[in-house]
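Structure, as structure tokens:
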Amino acid sequence: MDVFLQTLVAGILKGGLYSLIGIGMSLIMGVMGIINLAHGQLMMVAMYITFALHHFLGIDPYISLFIAMPALFLLGALIQKYTLNPLLEVESILPENQVLMTVGIGMVLTEIARFIFSSDYKSVKTSYSNATFFIGEISFSIALVIAFFIAVGFTLLMFWFLLKTDIGRSIRATAQDKDAALLMGVNSKRITTITFGLGSALVAAAGTLLIPIYYLFPDIGGPFTRKAFVITILGGLGSTVGAIFGGVTLGLAESFGATYIGMAYDDMIGLIIFILVLLFLPGGFKRLTKV
Amino acid sequence: MLTVNNIDVFYGDLQVLWDVSFEVKDGEILVLIGANGAGKSTTIKTISSLLTPAKGTIEFNGKRLDHHPPHEIIQQGIVHVPEGRRLFPEMSVEENLIMGSLYGEAKEKRKKTLEYVYELFPRLKERRDQMAGTMSGGEQQMAAIGRGLMSLPKIMMFDEPSLGLAPILVEDIFRMINTINSEGVTVLLVEQNVTQTLAMCNRAYVLENGRITMEGTGEELMNNEKVREAFLGI
Ligand SMILES: Nc1ncnc2c1ncn2[C@@H]1O[C@H](COP(=O)(O)OP(=O)(O)O)[C@@H](O)[C@H]1O
Ligand SMILES: [Mg+2]
């Protein structure tokens, strides 16, 4: 029973971070209609920023949130503005070309990271990296608990933003009916730029929160792009609420897989779920609510 | 007030409007009638800059509108209530209405205009928290009109607001358009519903296969044999 509960807790905590990753990708999917295959690589960039700030300046990862998130917002917005939006201008180009562009961007980011930081594994050891506390027999990693609550905080903030501000409503409106949004005066280029920036900032938060408990190398982006993709499919392409369910589901699946099947299989389990969802629940946990 | 001057419009290589010209005068109700596929929606989509004319110009109070990005048109005081309502289906009625008031004066007066719209359409007030996509066609049309009104427009363009509605609702909608016009909003109404629209308009143009073929007052066109033959089957 304790093992079960321990696994459950670990899965939910991880799920909180995965949700944050998935919401970013779902937002982009919803507004642009494309899968951002550089999502994990953007997270990797945020992780290196956090690593470098700690390594060279001794800045605590939680403080780095205030640097890595704006930096990635900017990077994401620039990517949208200068590499993806121009593709829309050319009528003969299909949306698929934007997806290919994100693949290319992901590769470039990975190679830049390898050039600067080499392929070595890096990690950030903080005083709380290995700290735990117990409730009954179940142990909680302090860093993971903090990460979970910050992730929940950002998720709530994001929903507040989407539901209560004009820009947030414009993002949802563009996702629901782009032409109608244009008629209401929504500048769709500006909205796609902001959306890509927000998605990048959210995945940056997840990366920065992972740093104290995870290791880092240039190719870490790929697996996380894959996870984000699975979460987005689970959540029902473009649904931000769905992404939360998708994130928690993947967190739980990986956690139970690691406990009851074997540590080495967690990535495979995600992909098996992915295939099962596509086969038996196409559309994912979509449209449970309005966001 | 709004003039369309000799526009040609294409979808890719396919030309659908030929040398279309007309004028909407301040304060009037102008109707553009035409059969399915005549190019009515194309015409007002071009005014909204969703489409760009290959030739010709569109001017509003002397200012060029063509070749401006579509999101700037509403800020000029021209709002387009699109065919098929095109509400944001997963937003509440109130959120849909708010989406009409993103800029300038409309944003400042959002609360007041919202009350005005709710007064005009008490039904929308009852349904303010309902998802727009779950409402009936008539209610959706009211919400689409309300959303347009939220922008405090000088001109409202309606694309077949009666489409798919029961006759009794059609009357309601046309009455509402009259009310809106009497409060000072110029109306450009695109319709296939000829009898009712010709009766309520000041002037009308007939669009056939992408060309303007007739114009006149509502009464003139109503008594025109060709119009009666083409649209009323008499
Ligand atoms: N997106 C489009 N691509 C190609 N042709 C179109 C498109 N939209 C409309 N058309 C064609 O343009 C013509 C005029 O269409 P439209 O303006 O929608 O007519 P109406 O609103 O009068 O029914 C029709 O022949 C229609 O098939
Ligand atoms: Mg039409």
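The values are calculated or read from the model by the stated rules, or taken from the named source; none is laboratory data. As the structure is a computational prediction, the values presented were derived from the model and not from experiment. Positions of Cβ are backbone-derived with ideal geometry, glycine not excepted, and every protein chain shown enters the neighbour counts. These accessible areas exclude ligands, DNA and RNA; they are computed on the full protein's heavy atoms, side chains included. Shrake-Rupley method; radii C 1.70, N 1.55, O 1.52, S 1.80 Å.
When B:Val81 is tested against (1) open to solvent by 60 Å² or more (accessible area, probe 1.4 Å); (2) within 30 Å of B:Asp129 (Cα to Cα), just one condition goes unmet, and that condition is (1).
The residues of the range B:33-48 that are within 6 Å of ligand 1 (Cβ to nearest atom) and within 14 Å of chain A (Cβ to nearest Cβ), listed by number, are B:Ser41, B:Thr42. Anything in the range B:181-212 that is open to solvent by less than 50 Å² (accessible area, probe 1.4 Å) and free of Cβ contacts under 8 Å to residues at least 40 places away in the same chain? List them, or say none. Selection gives B:Val185, B:Asn193. May I ask you to verify whether A:Ser129 is open to solvent by less than 30 Å² (accessible area, probe 1.4 Å) and within 20 Å of A:Gly238 (Cα to Cα)? When the stated conditions are applied, A:Ser129 does not pass them. If I filter the range B:162-170 for residues that are open to solvent by 10 Å² or more (accessible area, probe 1.4 Å) and within 14 Å of another protein chain (Cβ to nearest Cβ), do I get at least one hit? Within the range B:162-170 (the criterion being open to solvent by 10 Å² or more (accessible area, probe 1.4 Å) and within 14 Å of another protein chain (Cβ to nearest Cβ)), the answer is no, since none of the residues qualifies.
In the range B:49-78, of all residues being more than 16 Å from ligand 1 (Cβ to nearest atom) and in a helix (DSSP H, G or I), the one that is nearest to A:Asp179 (Cα to Cα) corresponds to B:His71.
If the condition is being more than 16 Å from ligand 2 (Cβ to nearest atom) and buried (at least 19 other Cβ atoms within 10 Å of the Cβ), then the range B:5-24 contributes B:Ile7, B:Phe22, B:Val24.
Scoring B:Phe88 on the criteria (1) surrounded by 22 or more Cβ atoms within 10 Å (Cβ to Cβ); (2) away from ligand 1 (no atom under 16 Å from the Cβ); (3) part of a strand (DSSP E or B); (4) not aliphatic (A, V, I, L, M) leaves a single failure, condition (3). Restricting attention to the range B:155-194, the residues that are aliphatic (A, V, I, L, M) and either within 16 Å of ligand 1 (Cβ to nearest atom) or not in a helix (DSSP H, G or I) (or both) add up to 12.
Of the helices (runs of 4 or more DSSP H) contained entirely in the range A:192-291, those carrying at least 1 residues that are within 14 Å of chain B (Cβ to nearest Cβ) and open to solvent by 10 Å² or more (accessible area, probe 1.4 Å) fall at A:240-260. Exactly one residue among B:Arg110, B:Arg127, B:Arg147 is out of contact with any Ser or Thr (no Cβ under 6 Å at 6 or more places or on another chain), away from ligand 1 (no atom under 16 Å from the Cβ) and either farther than 27 Å from B:Thr3 by Cβ or small (Gly, Ala, Ser) (or both), and that residue is B:Arg127.
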